[in-house]
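Enquirer: Dropping the structure in here first, questions after.
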Amino acid sequence: TQLDLIRNFSIVAHIDHGKSTLADRLIQMTGTVAERDMKAQILDSMDIERERGITIKANTVRIEYPAKDGKTYILNLIDTPGHVDFAYEVSRSMRAVEGSLLVVDASQGVEAQTLANVYHALDAGHEIVPVLNKIDLPAAEPERVKQNIEDVIGLDASDAIAISAKSGLGIPDVLEAIVTRLPAPKGDRDAPLKAMLVDSWYDPYLGVVVMVRIMDGVMKKGDRVRMMQTNAVYGIDKLAVLKPQMVDIAELGPGEIGIFTASIKQVRDTRVGDTITHERGGCTQALPGFKPAQPVVFCGLFPVDANDFEALRDAIEKLSLNDASFSTEMETSAALGFGFRCGFLGLLHLEVIRDRLEREYDLDLITTAPSVVFKLYMKDGEVRDLHNPADMPDLTYVDHIEEPRIKATIMVPDDYLGDILKLCQERRGVQLNLTYAGNRAMVEYDLPLAEVVFDFYDRLKSVTKGYASFDYTISEYREDFLVKMSILVNEEPVDALSIMVHRDRAEARGRAMVEKLKDLIPRHMFKIPIQAAIGARVIARETLSAMRKDVTAKCYGGDATRKKKLLEKQKAGKKRMRQFGKVEIPQEAFIAALKMD
Ligand code: GTP
């Protein structure tokens, strides 16, 4: 295809502003998918994505569009993930295209993820077409939102396109704008092959599928290609474009986007952002800026029933075939037995994986508290990564500890600003900036990631009744006074409950945790002390009193069916309990104990 007949673009938007609905409309109006095959939100192929309404894996579709100038253009849409956990994937896939549609809900305005994503697009040098969606809503205020885009992003919005992705209003204008306002790709057909690895995934029938954008040269079926990061060489078995189903193609030239398969065993062997060239006569200079995605949040996953360990191992292996950014390592815990220590790109990533393990593989899991990676500077000069608070060495060997900090951007109606400032302050935040656009405030904070990984999103949502939006980037590692706090139940340390905490916060956190645990652990026939400790020093203590005899008597009294029901209920409850010495702790306790009110 001639370069000037190609347009490559992505859609950037805050969650729920209508990215998927618009993509579906573009596909539908160009007849790319027959009407009867049009399922709601074609691009979100995984169930879990559809259910949660979030796009996790980048997808793409090739659309043929006969424009008003009489020529037929090829439009390649790359669907980028919208969530902060996948920021690296977003920034890479943006480099595969030349322009973006910036979709903003005309009843809402610019939100934190709009900003974060538009910055990725600007970084990648994109031409940007602002699109105001949902103008069918009575609450839509296109003029105010145009102003808002100019004030907050600094982007000229005077020729923003007003649409309703839901009803189809304005979609022809969007298609025309893609052709007239976005630039055509550049590239040299005669130069050595230089292709960017945009995405890869595991397909049960085809194995690993690799999505590429050709920068220079031509890729053909049967070619032998080399991945410049890993130096591995593969023969291309299948070359296709996505419409969105795969349609085989003989070659991909400059500016084109497509997929290939090449008997690649695992997704791990393909690095997003890597440069692919021919084995012989290839290019010598890779595309700039490659870096592997780093997991930042770690937690332990253990089967509730120890007999499920093998099943968990299988499930984790299968999932990691398709997700290179999910790292795992076997772990044993005195309390929880055999399990895995897993690393994730962020909290949402963690939740998605845990959900899939529980639903698709029918596993009952205990998830330990999410923790970040701390850097331990040992007195002997060694620097260690601490993925699990349980592995914290004796403090006498440690010179100092550093933790990851983030730069958070929060946008919120100014009525709630006070609550946000208070929340960030409680989480050891340092305010960096505060600006207003209309009656919305934009505040930037420097925060420890450890204070955010747990329940920060939930708290943010609840204190602002859902009106705040939030985004972050990891900024740096910085030293702070951090200690390991252990929890002892009936004098026994429960390693899965130990956390790293700032020394000044330890008493308050410890107190909150033991109080929570007192409510979460059912009474036993004996008294149970619940303690929080730093080293050997107890900093908070509660006692769960013993069950009274007459209570049990009452419980087991009554008619036979009631008794049976009660016993069944207890059995079901038992499944989710873990035995620690003589004490049973319910699964919910591991997470609930850590929530801060
Ligand atoms: P994520 O995939 O979660 O990032 O969201 P998204 O940006 O893709 O939003 P999606 O297309 O899923 O739309 C979010 C909600 O807004 C859905 O309930 C849509 O039906 C609705 N919606 C999308 N476009 C319009 C529109 O033009 N008008 C109205 N009234 N609702 C719309």
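Enquirer: Scan around ASP480 for amide H atoms under 5 Å from its own, H built in the peptide plane at 1.01 Å from N, and keep only partners 5 or more places away or cross-chain.
Expert: Excluding prolines and chain starts, which carry no amide H, the hits are ILE401, GLU403.
Enquirer: So what's the net charge close to ALA262: Lys and Arg +1, Asp and Glu -1, counting the other residues with Cβ under 14 Å from its Cβ?
Expert: In short, 0.
Enquirer: May I pose another question? Quick one: plug the Kirkwood hydrodynamic radius of the chain (C-alpha pairs) into Stokes-Einstein at 10 °C, 1.306 mPa s, and report D in µm²/s.
Expert: 60
Enquirer: Under the classification rounded if a/c is under 1.5, otherwise prolate if a/b is larger than b/c and oblate if not, where does the stretch 476-529 fall, given a ≥ b ≥ c as square roots of the Cα gyration tensor eigenvalues?
Expert: The shape class here is prolate.
Enquirer: What would the Debye formula give as log10 I(q)/I(0) at q = 0.19, 0.20 Å⁻¹ for the alpha-carbon point model of the stretch 407-494, no solvent?
Expert: Log10 I(q)/I(0), no solvent term: -0.85, -0.91.
Enquirer: Check LEU193: other-chain or 5+ apart residues with amide H under 5 Å from its amide H, H built from backbone geometry?
Expert: For LEU193, the qualifying residues are VAL218, HIS278, CYS283.
Enquirer: Return the sequence-ordered ³J(HN,Hα) values of the stretch 185-191 in whole Hz as given by the Karplus equation 6.51 cos²θ - 1.76 cosθ + 1.60 applied to θ = phi - 60°, using x for Gly and Pro.
Expert: Here the 3J(HN,Hα) series is x, 10, x, 10, 5, 8, 7 Hz.
Enquirer: Listing HIS14, HIS524 from the residue with the fewest other Cβ atoms within 10 Å to the one with the most, what is the order?
Expert: Taking fewest neighbouring Cβ atoms as first place, the list is HIS524, HIS14.
Enquirer: Which ³J(HN,Hα) values, rounded to whole Hz and listed in residue order, are derived for the stretch 206-215 from phi using the Karplus coefficients 6.51, -1.76 and 1.60 in 6.51 cos²θ - 1.76 cosθ + 1.60 with θ = phi - 60°, glycine and proline given as x?
Expert: Using θ = phi - 60°, the values come out as 9, x, 6, 10, 10, 9, 10, 10, 7, 8 Hz.
Enquirer: I'd like the antiparallel share, as a percent to the nearest 5, of DSSP beta bridges with both residues in the chain.
Expert: Roughly 85 percent of the DSSP beta bridges within the chain come out antiparallel.
Enquirer: Could you derive backbone 3J(HN,Hα) for the stretch 222-232 from the dihedral phi with the Karplus parameters 6.51, -1.76 and 1.60 (θ = phi - 60°), listing whole Hz in sequence and x where the residue is Gly or Pro?
Expert: Working through the residues one at a time gives x, 4, 9, 10, 10, 8, 6, 6, 8, 6, 6 Hz.
Where a number appears in this text, it was derived from the coordinates with a stated rule and is not lab data. Just so you know, these numbers come straight off a predicted model, no measurement behind them. Note: ideal-geometry Cβ built from the backbone for every residue, glycine included; neighbour counts use all protein chains shown.
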